[in-house]
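A.B. asks: Next up is a structure, given as structure tokens.
The values are calculated or read from the model by the stated rules, or taken from the named source; none is laboratory data. Every value quoted in this text rests on a predicted model; they were computed, and no experiment measured them. FYI the Cβ positions are ideal-geometry reconstructions off the backbone, even for glycines, and counts take in every protein chain you see.
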Amino acid sequence: MNVLFLCTANSCRSILSEAVFNHLAPAGIRAYSAGSQPKGEVHPLSLKTLARAGIATDGLYSKSSDEHQDLAPDFVITVCDKAAGEACPVFFGPAVKAHWGLADPSEYRGSPEEIEAAFDATLDRISTRVQAFLALPLGTMGSEQLRAELALIGTL
């Protein structure tokens, strides 16, 4: 089973989601990430935040959704924050889609400690959502029920 996390720049939220998901997921479930307008590099605080949490960062890089044309994901989850006026990428296909909007921690303004705290808070929210996703009885749920559950998870 494949999960694709999409965002705008693929440097913070979708990268954090990919890493947390792969850290927590059992064998046979894998996450990927991409962006509609990738920055070309992972934000350094994303990597630092993951390292502090003991989550591997090997293989993480900022990439376009074009790179996953042949992936055929089972789930596509957008993590951009529509309230921030971002153009959230759209993935067409049979995948179950959900939106888990998150504010971009790299846009937070404050002291270095406050900015790190914003990254930590984002990571915590993603972890909560991923744990809820992984607790779902995926094999017994229809696509409509999955969409409804994923929408609820996006409010956590």
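A.B. asks: Residues to consider are Cys7, Cys12; find the one that is at pLDDT 95 or above and crowded, with 24+ Cβ neighbours inside 10 Å.
C.D. replies: Cys12
A.B. asks: Is it the case, given these coordinates, that Leu45 is of a type outside the set (Phe, Trp, Tyr), at pLDDT 95 or above, surrounded by fewer than 24 Cβ atoms within 10 Å (Cβ to Cβ) and under 20 Å from Asp81 (Cα atoms)? Full working, then the answer.
C.D. replies: Values: of a type outside the set (Phe, Trp, Tyr): yes; at pLDDT 95 or above: yes; surrounded by fewer than 24 Cβ atoms within 10 Å (Cβ to Cβ): yes; under 20 Å from Asp81 (Cα atoms): yes.
Yes; evaluated as a whole, the condition is true for this residue.
A.B. asks: Any residue in the range 41-53 that is farther than 17 Å from Val20 by Cα, assigned to a loop (DSSP other than H, G, I, E, B), among the β-branched types (Val, Ile, Thr) and within 17 Å of the chain's Cα centre (by Cα)? Step through it out loud before you land on a result.
C.D. replies: First pass over the range 41-53, keeping only residues farther than 17 Å from Val20 by Cα: 41.
When the remaining residues are screened for being assigned to a loop (DSSP other than H, G, I, E, B), the result is 41.
Imposing the further condition that a residue be among the β-branched types (Val, Ile, Thr) reduces the set to none.
No: the range 41-53 contains no residue that is farther than 17 Å from Val20 by Cα, assigned to a loop (DSSP other than H, G, I, E, B), among the β-branched types (Val, Ile, Thr) and within 17 Å of the chain's Cα centre (by Cα).
A.B. asks: Further question: Ala95: at pLDDT below 90 and surrounded by 15 or more Cβ atoms within 10 Å (Cβ to Cβ), yes or no? Please lay out each step first, then the result.
C.D. replies: Working: at pLDDT below 90: yes; surrounded by 15 or more Cβ atoms within 10 Å (Cβ to Cβ): yes.
It is true that Ala95 is at pLDDT below 90 and surrounded by 15 or more Cβ atoms within 10 Å (Cβ to Cβ).
A.B. asks: So which of Ser17, Ser11, Ser46, Ser64 ends up being polar (S, T, N, Q) and without any contact (Cβ under 8 Å) to a residue 60 or more places away in the chain? Steps first, please.
C.D. replies: Values: Ser17 fails: without any contact (Cβ under 8 Å) to a residue 60 or more places away in the chain; Ser11 fails: without any contact (Cβ under 8 Å) to a residue 60 or more places away in the chain; Ser46 fails: without any contact (Cβ under 8 Å) to a residue 60 or more places away in the chain.
Exactly one residue qualifies, and that residue is Ser64.
A.B. asks: Would you please name the residue that is farthest from Arg129 (Cα to Cα), looking only at residues in the range 7-33 that are in a loop (DSSP other than H, G, I, E, B) and aliphatic (A, V, I, L, M)? If you could, list the steps in order and put the result at the bottom.
C.D. replies: If we filter the range 7-33 for residues that are in a loop (DSSP other than H, G, I, E, B), which is where we start, we get 8-12, 25-29.
Keeping just the survivors that are aliphatic (A, V, I, L, M) gives 9, 25, 27, 29.
Working: Ala9: 21, Ala25: 12, Ala27: 19, Ile29: 16 Å.
It comes out as Ala9.
A.B. asks: Tell me which residues, restricted to the range 45-76, are among the β-branched types (Val, Ile, Thr) and either in contact with a helix residue (DSSP H, G or I) (Cβ under 7 Å, 6 or more places away or on another chain) or closer than 20 Å to Tyr108 by Cα (or both).
C.D. replies: First, the residues of the range 45-76 that are among the β-branched types (Val, Ile, Thr): 49, 55, 57, 76.
Thr49, Ile55, Thr57, listed by residue number.
A.B. asks: Something else: For the range 26-41, does any single residue satisfy the condition of being surrounded by fewer than 20 Cβ atoms within 10 Å (Cβ to Cβ), over 15 Å from Ser127 (Cα atoms) and among the aliphatic types (A, V, I, L, M)?
C.D. replies: yes
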